[in-house]
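Okay, so here's the structure we're looking at.
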Amino acid sequence: MLFELDNTRGAPPLYMQLANALEAHIVGANLAPGTKLPSEPTLAAENNLSRATILKAFELLVDRGLVSRRQGKGTFVRSRPMERNLPELGSFSEHIGNLGLRPGSVLLDYAVFAPDAPQRPSSAFPVSFPIVMIERLRTVGGTPVGLQRLIVPEHVAQKADLTEVAAAQPDFSFYRALREAGLQLAAGEETLRAINAEPLEAEQLAVDPGAALIEVDRHSRDSSGQLLEHVRARYLGTHYLYRVTLTHPSNGGSHEQNSTTALRTGGGYAHRADGVRPE
């Protein structure tokens, strides 16, 4: 794979030129996640560059979230970051599907808790409410990207037929189940914070302990203001990009939140270390 690089004085560093050329190739050729890139020796020989330059270019692509490095196996294209509109009140499945990607899930836990039950998880619902909790591993194209805990009042779960069998389906969408039951979400509040993966989370997501995660805490309500769900999810920082456009109050606007894109969630890339565990 030969690239035209500028060796003249004042030109950008060769490793940066190579990283940009590789990124353009990945995007332009629409390389699928998992595609293996040429090895360091091959790129070095074909472009008359040192292996140190190739390595630095690959490291830059890792930082951009474009590729992952697997020790002893090579460098592979990874799923593009999920980009998501912050005001958007939609499900994970709908968002990923709209990006042309394949959403999925693996049921990790399903439980019903009576009021004041022992080991009842904390939530935004009063302790007098019986609740249903489901925990799922969320995937994109079969690759783990996040962990999600959904808590709903038991009467909402019953109306939406949120059974353990239903929740275990790989294509199950809670928001779709709500609509089919005649329940409509009208508004929600979402809080984001940066955290690091704990050992069990890291194992489930196939990353190193301490890898960067984005925690999303969401409360969603119907048109009457009734709380229908409390979701707490933790997504890989390399796979989620949130962009917020701000307007100054002096311009007649308050803080205005606009969109950005894949992996909520296409277009931009999160500048974070990859965190993928070598195989």
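Tell me which residues, restricted to the stretch 1-24, are exposed (fewer than 14 other Cβ atoms within 10 Å of the Cβ), more than 23 Å from the chain's Cα centre (by Cα) and not polar (S, T, N, Q). If the condition is that a residue be exposed (fewer than 14 other Cβ atoms within 10 Å of the Cβ), more than 23 Å from the chain's Cα centre (by Cα) and not polar (S, T, N, Q), then Met1, Leu2, Glu4, Asp6, Arg9, Gly10, Ala11, Pro12, Pro13 are the ones that fit.
In the stretch 32-57, which residues are over 19 Å from Asp6 (Cα atoms) and surrounded by fewer than 17 Cβ atoms within 10 Å (Cβ to Cβ)?
Result: Ala32, Pro33, Gly34, Thr35, Lys36, Pro38, Ser39, Pro41, Thr42.
Looking only at residues in the stretch 126-154 that are over 26 Å from the mean Cα position of the chain (by Cα) and part of a loop (DSSP other than H, G, I, E, B), the one that is farthest from Ala206 (Cα to Cα) is Ser128. Has the stretch 210-226 got at least one residue that is more than 20 Å from Ser123 (Cα to Cα) and of a type outside the set (Gly, Ala, Ser)? For the stretch 210-226, residues more than 20 Å from Ser123 (Cα to Cα) and of a type outside the set (Gly, Ala, Ser): present.
Pull up the stretch 155-173, narrow it to residues that are at pLDDT below 90 and not acidic (Asp, Glu), then point me to the one that is nearest to Glu201 (Cα to Cα). So, considering only residues that are at pLDDT below 90 and not acidic (Asp, Glu), the one nearest to Glu201 (Cα to Cα) is Pro170.
If you go through the stretch 109-151 and pick out every residue that is surrounded by 14 or more Cβ atoms within 10 Å (Cβ to Cβ) and of a type in the set (Ser, Thr, Tyr), you end up with 4. Consider the stretch 88-128 and keep the residues that are of a type in the set (Val, Ile, Thr) and at pLDDT 85 or above. The one that is farthest from Thr163 (Cα to Cα) is Val127.
The values are calculated or read from the model by the stated rules, or taken from the named source; none is laboratory data. Because the structure is predicted, anything quoted here is derived from the model rather than measured. Methodologically, a virtual Cβ is constructed for each residue, glycine included, from the backbone with ideal geometry; neighbour enumeration extends over all protein chains shown.
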